[in-house]
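The next block holds one structure in the form of structure tokens; read it before the comments.
The values are calculated or read from the model by the stated rules, or taken from the named source; none is laboratory data. Computed from a prediction, not measured in an experiment: that's the story for all the values here. Every residue, glycine as well, gets a Cβ built from its backbone with ideal geometry; the counts of neighbours run over all protein chains shown.
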Ligand code: C5P
């Protein structure tokens, strides 16, 4: 029972995904957790308090101004009494209210009154999820340390297709276990850092330099390390992927911010640098939108080099991770170039992949990699990015397992 003795306050808000909450409560109880539910008025349209009360074997709280509830267990105590607050499903509305600090019902008041960690499982129509307002709220919440599971991509109750489906109860349970449960697996007790995605280097407030990295490989590596029990921090540039379950996600935009976030995540046992960091940034980005001058032939941007995050971390004396892994995206002479890169960057391993247009690696799901270490090199069979991630995570576990913790 991985959650034995742990207390989860489950805040249920009003979306069709609320009908999956009874299953989540059942799974949490089976895992040993004590579950106490708070429901918004809208949530009660989809699932009854009686159902959740029966499954959680506890009272369900619905009313901010209930005299009896306040006498027994005030809204401050409700959150203080929990090891983790979980909002599932989290509607666009509750995310907006949480981002802006509104407290006009029991659910939002409890969320504002807590200093306990909060995990949200967003669920909404794809256009509501993709709306800039929701995305801005998510950015605010993530920056404040709110953890996110899902949403998944798929068919929606409204007949549309896209991101917005609530993560499955089993995935939410996994995310809760990774926050509250004692980790199991060969990497339990080990810390890992992964970078992923592109970086955005600002030109002015509305324009930036970026690249085609999707973040799929880096996110898959973070998930695979977490699945083996590691405590993982994922520092990621802007991507459209859901956060991998059970991983601490630190969103950043520029290479500079990525380096700062990586330094803050140290010390770690293993660091994997899968981000496609921009090599250059604009020397001084403009505070106001740049205007074109009529009749002028062209414009030039002055670029300066960005810090090399991999080389910086690999070159640390004290605090260097025992294993530093870099990537080499090459379009020709893949292994030769990667071997030279390993020496130049000072990392322990390089995973080299072919990103020529013919290989279809960028944005695709398949990857062919070669592992280059101090002992030599090996070519891995082509596989999905998840396969490559699982193989790398196992290899990291074997290598760290051979060293003393
Ligand atoms: O030099 P290049 O960009 O080809 O090196 C690729 C490797 O170095 C990747 O592991 C990438 O994440 C890392 N890198 C970095 N910071 C940079 C440039 C690359 O961490 N500024």
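Miscellaneous remarks
- Sole residue being outside the structural domain of residue 18 (by TED's automatic domain parsing), at pLDDT below 95 and surrounded by 20 or more Cβ atoms within 10 Å (Cβ to Cβ), chosen from 234, 241, 228: 228
- Test: residue in segment 101-109 that is under 29 Å from residue 223 (Cβ atoms), buried (at least 22 other Cβ atoms within 10 Å of the Cβ) and outside the structural domain of residue 219 (by TED's automatic domain parsing): no
- Inside segment 307-334, residues that are assigned to a loop (DSSP other than H, G, I, E, B), near the ligand (Cβ under 8 Å from one of its atoms) and free of Cβ contacts under 8 Å to residues at least 40 places away in the same chain make up a count of 1.
- Filter result for residue 255 (within 12 Å of the ligand (Cβ to nearest atom) and at pLDDT below 95): no
- Residue under evaluation residue 142, criteria (1) touching a residue at least 60 places away in the same chain (Cβ under 8 Å); (2) assigned by TED's automatic domain parsing to the domain that holds residue 84; (3) within 27 Å of residue 384 (Cα to Cα), criterion not met: (3)
- Positions within segment 165-194 being within 22 Å of residue 121 (Cβ to Cβ) and surrounded by fewer than 16 Cβ atoms within 10 Å (Cβ to Cβ), in sequence order: 170
- Residues in segment 335-355 that are in a loop (DSSP other than H, G, I, E, B) and closer than 21 Å to residue 215 by Cβ: 347, 355.
- Among the residues of segment 74-97, those that are buried (at least 20 other Cβ atoms within 10 Å of the Cβ) and over 20 Å from residue 16 (Cβ atoms) comprise 75, 78, 79, 82, 84, 85.
- Flag for residue 162 being more than 15 Å from the chain's Cα centre (by Cα) and surrounded by fewer than 19 Cβ atoms within 10 Å (Cβ to Cβ): yes
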